[in-house]
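Data first, discussion second: the structure below is written as C-alpha cells.
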Amino acid sequence: MDSLSVAYPIDLHTHSLCSDGTLSPADLIRRAAGRGVRVLSLSDHDTLAGVAEAVAAGAELGIRVIPASELNTESEWGDAHVLGYFIDPADVALEERLRWLRENRERRIELMVERLNQLGYGVSLERVLEIAQGGALGRPHLAEALLEKGYVRAYEEAFDTILAKDSPAYVARIGLTPREAVELVRMHGGVPSLAHPGTVVGLEALLPKLVAAGLAGIEAYCGDHSLEMTERCLALARTHGLVPTGGSDFHGRGEHGVDLGAIFVPPETIEMLESRRAHA
Ligand code: AMP
Ligand code: FE
Ligand code: FE
Ligand code: ZN
C-alpha cells in the first residue's frame, strides 16, 4: 500500500477547559483518538496551560500534539483571531504576555457581569468562575451562566442577544491588534495563521498587512465556511504564499456542529507549517 495516499484526520484548531472549551486536555485527546485523529493542535485562547497534559495523553494514544494558542484581537477588522503554532509553553517572556491578555479577559468578564446585573440578569461572578474551572475567561462562560438561569433557551442564542457586540452588556476587550498578534507569535518562534477568516471585516485589505508582519497561514478549512469561502481562502493562500490550515474549532458544546477531526485538512499541511518556522 502506498503510505503517501493514506489520509487521516488532522485537527489544527481545538479548545479545552484551559480556555473556553468543556473537556480537559486529556479528555479532548481521548475523544480525538476515538475519532481517529493523528495530529491535533490544542489552541486555547491566550494560554498554553493545557499543552503538557495534552502532549502526555497524546503520547499514550498515538496523537501528535502541536502546541498553539488562539489570540483574539481588538480592532476595526472585526473578529480577527490569530492561531500561533509551535510556540513554547516554557517561553517565560511569552507567558508574561499571555498572562496580561488573560488578566484583561478577567477584567472584561467582571465588567460584563456588573453590566448584566445592572440590566437585571442575576448571574454571579462566583458562578461564572466555577463554570470556567480556572480556564481563560470568555463570553462562553457567561453564555453558560445565562443559559442555566433560563435567560436564554439555547447556548448560542446568548451570543446573538444578551452577549452580542451591540448589546448594552457587551464590553470590548483590551488587547492586541491583529498585526501585534502576528508579531507576538513570530517574535517567539511560532507560525501564525489567520483563524476562521470569514469573521474578519475587510479580509482582502488586512491580509497584505499581516503577511508583511509575518503571517504564514490562513484557515481555509473551517466548519463555518461554504465551499465558495474555502475556495476564496485557497486563492488568497496562493496569492500571498500562505499555508492553508484548518480545524474544527471544537469547544465541546456542539456549536458549529463540527466534531474533532471532522474538517478535512491535507496531510502535507503539517510539513508546510513546519517549513515556515524559522522564516522570521
Ligand atoms: P470572547 O473571546 O469572550 O469575545 O468570546 C468569543 C468566544 O465565544 C469564541 O472563541 C467562541 O468560543 C465563542 N463564540 C462567539 N460567538 C459564538 C456563537 N455565535 N456561537 C457559539 N460560540 C460563540
Ligand atoms: Fe472560543
Ligand atoms: Fe476564534
Ligand atoms: Zn477557536
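The values are calculated or read from the model by the stated rules, or taken from the named source; none is laboratory data. All values reported here derive from a predicted model rather than from experimental measurement. As a convention, Cβ positions derive from the backbone with ideal geometry for all residues, glycine included, and neighbour counts pool all protein chains shown. When the accessible area is computed, the model is the full protein with side chains, heavy atoms only, and any ligands, DNA or RNA have been set aside. Shrake-Rupley method; radii C 1.70, N 1.55, O 1.52, S 1.80 Å.
Scan the stretch 23-49 for residues that are at negative phi, away from ligand 3 (no atom under 16 Å from the Cβ) and in a loop (DSSP other than H, G, I, E, B) and jot them down. Break it down into steps so the answer makes sense when it comes.
At the first step, the residues of the stretch 23-49 found to be at negative phi are 23-35, 37-45, 47-49.
With the extra rule that they be away from ligand 3 (no atom under 16 Å from the Cβ), the set shrinks to 23-35, 37-40, 48-49.
Result: Leu23, Ser24, Arg35, Val37, Arg38, Leu48, Ala49.
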Every listed condition ((1) of a type outside the set (Asp, Glu); (2) without any contact (Cβ under 8 Å) to a residue 12 or more places away in the chain; (3) within 16 Å of ligand 3 (Cβ to nearest atom)) holds for Thr161 save (3)
Restricted to the stretch 84-106 and to residues being of a type outside the set (S, T, N, Q) and within 12 Å of ligand 1 (Cβ to nearest atom), the residue nearest to His188 (Cα to Cα) is Leu101
Counting only residues that are within 16 Å of ligand 3 (Cβ to nearest atom), in a loop (DSSP other than H, G, I, E, B) and among the aromatic types (Phe, Trp, Tyr), the stretch 68-106 contains a total of 1
For the stretch 241-273 the number of residues that are open to solvent by 50 Å² or more (accessible area, probe 1.4 Å), in a helix (DSSP H, G or I) and more than 16 Å from ligand 2 (Cβ to nearest atom) is 3
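Just the residues that are away from ligand 3 (no atom under 15 Å from the Cβ) and in contact (Cβ under 8 Å) with a residue 60 or more places away in the chain, please, taken from the stretch 183-205. Break it down into steps so the answer makes sense when it comes.
Pass one, the stretch 183-205, residues away from ligand 3 (no atom under 15 Å from the Cβ): 183-184, 186-191, 202, 204-205.
The answer is Leu184, Arg186, Met187, His188, Gly189, Gly190, Val191, Gly202.
In contact with a Lys or Arg (Cβ under 8 Å, 6 or more places away or on another chain), in contact (Cβ under 8 Å) with a residue 12 or more places away in the chain and surrounded by 14 or more Cβ atoms within 10 Å (Cβ to Cβ): which single residue out of Val113, Val39 fits that description?
Values: Val113 fails: in contact with a Lys or Arg (Cβ under 8 Å, 6 or more places away or on another chain).
Val39 is the lone residue from the list that is in contact with a Lys or Arg (Cβ under 8 Å, 6 or more places away or on another chain), in contact (Cβ under 8 Å) with a residue 12 or more places away in the chain and surrounded by 14 or more Cβ atoms within 10 Å (Cβ to Cβ).
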Residues of the stretch 234-280 being without any contact (Cβ under 8 Å) to a residue 24 or more places away in the chain and among the β-branched types (Val, Ile, Thr), in sequence order, are Thr239
Is it the case that some residue within the stretch 59-73 is farther than 20 Å from Ser16 by Cβ and surrounded by fewer than 17 Cβ atoms within 10 Å (Cβ to Cβ)? no
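Any residue at all in the stretch 30-44 that's touching a Phe, Trp or Tyr at 6+ places or on another chain (Cβ under 7 Å), within 16 Å of ligand 1 (Cβ to nearest atom) and either at pLDDT 95 or above or over 19 Å from Gly261 (Cα atoms) (or both)? Steps first, answer last, please.
Filtering the stretch 30-44 for residues touching a Phe, Trp or Tyr at 6+ places or on another chain (Cβ under 7 Å) gives 36, 38, 41.
When the remaining residues are screened for being within 16 Å of ligand 1 (Cβ to nearest atom), the result is 41.
Applying the additional criterion that residues be either at pLDDT 95 or above or over 19 Å from Gly261 (Cα atoms) (or both) yields 41.
Yes - at least one qualifying residue is present in the stretch 30-44.
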The residue that is farthest from ligand 1 (Cβ to nearest atom), considering only those in the stretch 208-220 that are under 23 Å from Ile66 (Cβ atoms) and among the hydrophobic types (A, V, I, L, M, F, W, C), is Val211
Of the residues in the stretch 167-182, those that are without any contact (Cβ under 8 Å) to a residue 60 or more places away in the chain and touching a Pro at 6+ places or on another chain (Cβ under 7 Å) number 0
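If only one of Ala212, Ala205, Ala220, Ala235 is touching a strand residue (DSSP E or B) at 6+ places or on another chain (Cβ under 6 Å) and at pLDDT 95 or above, which one is it?
When all the criteria are applied, what remains is Ala220.
For the stretch 5-19, which residues satisfy the criterion of being assigned to a loop (DSSP other than H, G, I, E, B) and either out of contact with any helix residue (DSSP H, G or I) (no Cβ under 6 Å at 6 or more places or on another chain) or open to solvent by 10 Å² or more (accessible area, probe 1.4 Å) (or both)? Walk me through it before giving the result.
At the first step, the residues of the stretch 5-19 found to be assigned to a loop (DSSP other than H, G, I, E, B) are 6-9, 15-19.
Passing the criteria: Val6, Ala7, Tyr8, Pro9, His15, Leu17, Cys18, Ser19.
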Residue set Pro208, Pro197, Pro178; condition surrounded by fewer than 16 Cβ atoms within 10 Å (Cβ to Cβ), touching a helix residue (DSSP H, G or I) at 6+ places or on another chain (Cβ under 9 Å) and not aromatic (Phe, Trp, Tyr); output residue Pro208
Just one listed residue, out of Arg64, Arg105, Arg97, is within 12 Å of Leu12 (Cα to Cα) and either free of Cβ contacts under 8 Å to residues at least 12 places away in the same chain or charged (D, E, K, R) (or both), and it is Arg64
